[in-house]
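Step one of this worksheet: look at the structure below.
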Amino acid sequence: MSLSQLDNLYRQMILEHAKRPHHHGKLTTADKQIELHNPTCGDVLELEVKLDKEKRIEAIAFSGTGCTISQASASLMTDEVLGKTPTEVAEMVEAFSEMITQKTTKDYEALLGDAVILEGVAQFPARIKCATLAWKAIYQAVVEKGAKEDE
């Protein structure tokens, strides 16, 4: 597969996640809730998370409005963090942020799964905040809030 065909495939996947996002909606019960805004683009993301007894993400949902990159990133993030612990989520968020903000040749697929299709966002600095909004939300919900609640 040529590079341009691969780019097209990635674009199609991003558009599909934006048009038909996974885990979009509300949970009937949630342990963690957070709302974040991206004032640059107008994105609004509401994230709800339910944890199991081992503090793994049992259920997750997001709602709000935003651009294609924001919505696709939230959809991909929710797919990838299901079943993860706060420690695993922290690793994933750090890797995602590094992937789209730094010039690196690291292979992030093992850690981020399908979310690596957003790697190309690095070429569009104005869209980095859009792509990272959902990842910041999950970090704040289960890592930062979780640590404060454990104290």
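Suppose all protein chains stay in the model; what accessible area per residue would a 1.4 Å probe give for segment 53-95, in Å²?
41 Å²
How high is the relative contact order of segment 27-84? Use alpha-carbon pairs under 8 Å, at least six apart in sequence, and give a whole percent. Don't skip to the answer; put the middle values down first.
Details: 89 pairs, mean separation 16.8, N = 58.
Taking the mean separation of contacting Cα pairs over the length of segment 27-84, I get 29 percent.
Averaged over every viewing direction, what's the projected area of the C-alpha convex hull for the chain? Give it in nm², one decimal, please.
The orientation-averaged projected area of the Cα hull of the chain comes to 9.0 nm².
For segment 4-49, what size does the Cα cloud have along each of its three principal axes, sorted from largest down, in whole Å?
If we take the Cα atoms of segment 4-49, the spans are 42, 27, 14 Å.
For the full complex of protein chains and a 1.4 angstrom probe, list L36, L118 by accessible area with the highest value first. Please list the in-between numbers first.
On the way: L36 30, L118 0 Å².
If we order L36, L118 from most to least accessible, we get L36, L118.
Could you work out the relative contact order of segment 75-121? I mean the mean sequence separation of Cα pairs under 8 Å and 6+ apart, divided by the number of residues, in percent.
43 percent
For the chain, what % of the accessible area comes from carbon and sulfur atoms, probe 1.4 Å?
The C+S portion of the solvent-accessible surface of the chain is 50 percent.
Would you be so kind as to identify which of H22, I57, V44 lies farthest towards the positive end of the dipole of segment 17-77, taking Lys and Arg as +1 and Asp and Glu as -1 on Cβ and the Cα centre as origin?
The residue sitting farthest along the positive end of the dipole is H22.
About its Cα centre, how strong a charge dipole does the chain have in debye, to the nearest 20, once Lys and Arg get +1 and Asp and Glu get -1 at the Cβ?
It works out to roughly 420 debye.
Using alpha carbons only, how many degrees (0 to 90, rounded to 10) separate the axis of helix 86-101 from the longest principal axis of the chain?
30 degrees
Can you give me the solvent accessible area of R56 with a 1.4 Å probe, rounded to the nearest 10 Å²?
Rounded to the nearest 10, the figure is 90 Å².
From Cα pairs below 8 angstrom and at least 6 apart in sequence, can you work out the relative contact order of the chain, rounded to a whole percent?
Value for the chain: 25 percent.
The values are calculated or read from the model by the stated rules, or taken from the named source; none is laboratory data. The structure presented is a predicted model; accordingly, all values stated were derived computationally and were not measured. Counting neighbours? That spans all protein chains shown, and the Cβs are built from the backbone with ideal geometry, glycine included. Surface accessibility is based on the protein's heavy atoms, side chains included, excluding ligands, DNA and RNA. Shrake-Rupley method; radii C 1.70, N 1.55, O 1.52, S 1.80 Å.
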